[in-house]
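First up is the structure itself, then whatever we jot down about it.
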Amino acid sequence: MRQSQLFTKTQKTPPKEDGINAQLLMQAGFIHKEMAGVYSFLPLGLLVLNKIIGIIREEMNAIGGQELLLASLQDASPWQKTGRWDDNKVDIWFKTKLKNNTEVGLANTHEEPITNLLRHHISSWKDLPLYPYQFQTKFRNELRAKNGLLRTREFVMKDLYSFSKNQEEHDEFYEKSKEAYGKIFSRLGIGEHTLLTYASGGSFSEYSHEFQAICEAGEDTIYVCQKCNIAVNKEIIEKQSTCPNCNEGNLIEKRAIEVGNIFPLGTRFADTLGLAFTNEEGKSKAPIMGSYGIGPGRAMATIVELSRDKKGIIWPKEVAPFAVHILSLPGGKEDGEDVYKELQDNGIDALYDDREETRVGEKLADADLLGIPLRIITSAKNHDTGSIEISMRDGSRGQEYVKKSEALKFLLANI
């Protein structure tokens, strides 16, 4: 993409927003604030969001997930049966009425709808296990939206629901999902900060699990075991003072962002909504369910909170909007055009700063703010030596000068 054709503009100073992630993403032109807790994703932001979604999708498919897309408008009936239609039973609803005065809700989660749907598709043990999932917009009427993309009223959620024949089958998938989540957060560049965290299992099991990224911007308090590097959340620590994993008590308090969760659901929803299958002995049984969530927008915000410096964002390679940022400085237009074309011809995504009226300092500041991992500078000085200048945004490698004719080979080895 030519930067001269990008309609979004950077801002010289960050807006006064609650949360570093919102400040930087808005300043760089990745997102636009529509109102409190509601953000639009602009071209650069959507590129990042879709890469995050793509990583999550790959890992969900790898453990047997089947993607679908459920409706946002919610029929009250299934929710009334489970007792979760009232505001005090679930995250606060957005509700409205149809022209015929029928009350409907805007989806905040999908345990009831997916269970109700599968009554039409599950009848035998041969239909199980089943792992449907989706990326779908959720709406939650938060009393106070805050911390940018970390707590919003409208957001995309990846929610997967598992349906298993028995407890052993459920437990096996539950462990696979833990491993898949670990792979996802590693690929997103926040794996080293993210800990498996014990949480309450409610009425379904002793524990559920959260994935908490240690970060001062986080809303949650967790307690990290110094022996096994697993954490417990505040709810658990109030009940016991030792680590559930190793039973030792050397726990250190940390602030953290919840970037994902997995939750056993038992047979509550299946029992209430009439979802059953005939097992191998010919008996009617309710499938055992689990719920597995990740918010791609929240993950994006967490990456920004953890991967930045005073100049701007530092995107990890797998989620960056582009692999390469080409900056054409005075006297470097010819080389810039040549390098950009060569990258395009070889399928390498690049943002090409071809803006002719923009000062050198502005181009460099914008490049730092946007945070694309690898930077190429073409200029009169470099042209005279037949070279281009290459550097890494994260500072892992200093400035290097590579012959223009060898640029592609260098890039392919480093992106």
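The values are calculated or read from the model by the stated rules, or taken from the named source; none is laboratory data. This structure is a prediction, so every number in the text was calculated from the model and none was measured. Cβ: placed from backbone, ideal geometry, glycine included. Neighbour counts: every protein chain shown.
Points worth noting:
- Taken together, 317, 311 contain a single residue that is among the basic types (Lys, Arg) and touching an Asp or Glu at 6+ places or on another chain (Cβ under 7 Å), which is 311.
- Residue 117 vs. criteria farther than 30 Å from residue 268 by Cα, without any contact (Cβ under 8 Å) to a residue 60 or more places away in the chain and part of a helix (DSSP H, G or I): no
- Selected residue [at pLDDT 95 or above and under 14 Å from residue 394 (Cα atoms)] from 308, 298, 359: 308
- Every condition in (1) crowded, with 21+ Cβ neighbours inside 10 Å; (2) under 27 Å from residue 187 (Cβ atoms) is met by residue 368 except one, and the failing one is (1).
- Residue within the stretch 138-145 that is in a strand (DSSP E or B), closer than 24 Å to residue 220 by Cβ and not small (Gly, Ala, Ser) present: yes
- Scanning the stretch 310-357 for residues that are among the acidic types (Asp, Glu) and closer than 21 Å to residue 47 by Cα returns 318, 345, 349, 353, 354.
- Residue pairs meeting the criteria (Cβ under 8 Å; at least 6 apart or on separate chains; first farther than 15 Å from residue 409 by Cβ and free of Cβ contacts under 8 Å to residues at least 12 places away in the same chain, in the stretch 329-356; second surrounded by 14 or more Cβ atoms within 10 Å (Cβ to Cβ) and of a type in the set (A, V, I, L, M, F, W, C)): 344/350
- You will find that of 318, 356, 334, 389, the residue that is of a type in the set (D, E, K, R), over 29 Å from residue 303 (Cα atoms) and not in a helix (DSSP H, G or I) is 356 and no other.
- Taking each residue of the stretch 1-13 that is under 14 Å from residue 363 (Cα atoms) and looking for partners that are surrounded by fewer than 10 Cβ atoms within 10 Å (Cβ to Cβ) and charged (D, E, K, R) with beta-carbon atoms closer than 9 Å, six or more apart or interchain, yields 4/356.
- Here residue 208 does not qualify as at pLDDT below 95 and either within 18 Å of residue 256 (Cα to Cα) or outside the structural domain of residue 234 (by TED's automatic domain parsing) (or both).
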